[in-house]
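Engineer: Below is one structure. I have some questions about it.
The values are calculated or read from the model by the stated rules, or taken from the named source; none is laboratory data. All values reported here derive from a predicted model rather than from experimental measurement. Here Cβ is always computed from backbone atoms with ideal geometry, including for glycine, and neighbour counts include all displayed protein chains.
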Ligand SMILES: [Zn+2]
Ligand SMILES: [Zn+2]
């Protein structure tokens, strides 16, 4: 029987096997689902590394764990990049930019993904421009950040829609437009709620117990974390001392994984002064999930400002928090408040 199965498999034409492997690499739920097939025999190894198969690999197939990072893993991602895999461009770009601190190569890989309309790559490049990551504070390019963010938002990236809303509300990298800014923030919230509706539906109709919607854990809104963010959280979790030794901090939203690339790069919550964020998206998520109950009492946070620490250091350039507006949080949303 074993012999017969083996013969049947060997009689399959290469094109059919490649087609099956394409399906596997585009739907695998972890790298091991795919890699273990490559180890079965020489033929599978050869066909599994066919450019057509690698170009189809989905983000979960490429979701290498930080603790397993090695030269082979790096080589596998490079092979996927060379096969034209956009997701691999983004993942390896982020890893090189933040983890391996190869800023030029990392940004260039992300740019290649961005050119192919990869929304997370466009959003990540926008944050790099907004924060001047990998350079000095004066390297911030607000207009470029806004343009990248707008393209990502157009593709439906919720964090980009939220960031864009704040840019318009604050006149950050673009002419101020409060109405349009508010509209985008409402849209970002609506999209997030819509993303948990299937989970709510499942609970309401499929679980044999009474379910109180008000007790539903809306932390699950953020359930789908991109594998590269998981990678960075794990990577810097293993190297936290090295980072803090250089005076650098992680984004306080625990699912983000972005570290500062220079001191005081991220803005901090001045309600408590204890947390700092790479972006408004991370601030809004963290507020809803954790920080709301950890920050200063309600009387204080209703009117507190969100500082840019570099502003306090009296450095030039950032007009985001300068002027007659301050930033507060209402219903978990960061909003502008006229002074
Ligand atoms: Zn962040
Ligand atoms: Zn706070």
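Engineer: Here's a check for you: in segment 257-277, which residue that is away from ligand 1 (no atom under 12 Å from the Cβ) and not in a loop (DSSP other than H, G, I, E, B) is surrounded by the fewest Cβ atoms within 10 Å (Cβ to Cβ)?
Structural biologist: Keep residues of segment 257-277 that are away from ligand 1 (no atom under 12 Å from the Cβ), which gives 261-264, 268-274.
Adding the requirement that they be not in a loop (DSSP other than H, G, I, E, B) leaves 268-269.
On the way: 268: 20, 269: 26.
So, considering only residues that are away from ligand 1 (no atom under 12 Å from the Cβ) and not in a loop (DSSP other than H, G, I, E, B), the one surrounded by the fewest Cβ atoms within 10 Å (Cβ to Cβ) is 268.
Engineer: Is there a residue being surrounded by fewer than 17 Cβ atoms within 10 Å (Cβ to Cβ), touching a helix residue (DSSP H, G or I) at 6+ places or on another chain (Cβ under 8 Å) and assigned to a helix (DSSP H, G or I) anywhere in segment 90-102?
Structural biologist: no
Engineer: Now a separate question. Kindly indicate whether any position in segment 242-249 is within 15 Å of ligand 1 (Cβ to nearest atom) and not in a helix (DSSP H, G or I).
Structural biologist: yes
Engineer: Taking residue 254 as meeting all but one of (1) assigned to a loop (DSSP other than H, G, I, E, B); (2) surrounded by fewer than 19 Cβ atoms within 10 Å (Cβ to Cβ); (3) modelled with pLDDT of 90 or more; (4) away from ligand 2 (no atom under 16 Å from the Cβ), write down the number of the exception.
Structural biologist: (4)
Engineer: Considering segment 259-274 alone, what residues qualify as being more than 12 Å from ligand 2 (Cβ to nearest atom) and under 17 Å from residue 291 (Cβ atoms)?
Structural biologist: Selection gives 266 alone.
Engineer: For segment 30-46, check the following and say yes or no: at least one residue is more than 32 Å from the chain's Cα centre (by Cα) and either at pLDDT 85 or above or not in a helix (DSSP H, G or I) (or both).
Structural biologist: Within segment 30-46, one or more residues are more than 32 Å from the chain's Cα centre (by Cα) and either at pLDDT 85 or above or not in a helix (DSSP H, G or I) (or both).
Engineer: Look through segment 107-134, keep the residues that are in contact (Cβ under 8 Å) with a residue 40 or more places away in the chain and not in a helix (DSSP H, G or I), and return whichever of them is farthest from residue 90 (Cα to Cα).
Structural biologist: Restricting to residues being in contact (Cβ under 8 Å) with a residue 40 or more places away in the chain and not in a helix (DSSP H, G or I), the top hit is 132.
Engineer: Taking residue 82 as the residue in question, decide whether it is out of contact with any strand residue (DSSP E or B) (no Cβ under 9 Å at 6 or more places or on another chain) and surrounded by fewer than 23 Cβ atoms within 10 Å (Cβ to Cβ). Lay out the reasoning, then the answer.
Structural biologist: Values: out of contact with any strand residue (DSSP E or B) (no Cβ under 9 Å at 6 or more places or on another chain): yes; surrounded by fewer than 23 Cβ atoms within 10 Å (Cβ to Cβ): yes.
Judged against the criteria, residue 82 is a match.
Engineer: Quick one: what pairs do we get from segment 273-284, first residue without any contact (Cβ under 8 Å) to a residue 40 or more places away in the chain and farther than 14 Å from residue 259 by Cβ, second more than 7 Å from ligand 1 (Cβ to nearest atom) and in a loop (DSSP other than H, G, I, E, B), C-beta under 9 Å, 6+ apart or different chains?
Structural biologist: Close Cβ pairs (under 9 Å, with a partner that is more than 7 Å from ligand 1 (Cβ to nearest atom) and in a loop (DSSP other than H, G, I, E, B)) amount to 274/252; 274/295; 275/252; 275/295.
Engineer: Is one or more of the residues making up segment 193-200 at pLDDT 85 or above and farther than 27 Å from residue 65 by Cα?
Structural biologist: Within segment 193-200, the subset at pLDDT 85 or above is none.
No; the residues of segment 193-200 include none that is at pLDDT 85 or above and farther than 27 Å from residue 65 by Cα.
Engineer: Still on this structure, I have one more. Of the residues 68, 138, which single one is within 27 Å of residue 39 (Cβ to Cβ), surrounded by fewer than 22 Cβ atoms within 10 Å (Cβ to Cβ) and modelled with pLDDT under 95?
Structural biologist: 68
Engineer: Considering 322, 334, which residue is modelled with pLDDT under 90 and either buried (at least 19 other Cβ atoms within 10 Å of the Cβ) or within 16 Å of ligand 2 (Cβ to nearest atom) (or both)?
Structural biologist: Values: 322 fails: either buried (at least 19 other Cβ atoms within 10 Å of the Cβ) or within 16 Å of ligand 2 (Cβ to nearest atom) (or both).
Only one candidate qualifies: 334.
Engineer: Here's another thing I want to ask about it. For segment 278-295, how many residues meet the condition of being assigned to a loop (DSSP other than H, G, I, E, B) and away from ligand 1 (no atom under 11 Å from the Cβ)?
Structural biologist: Matching residues across segment 278-295 total 1.
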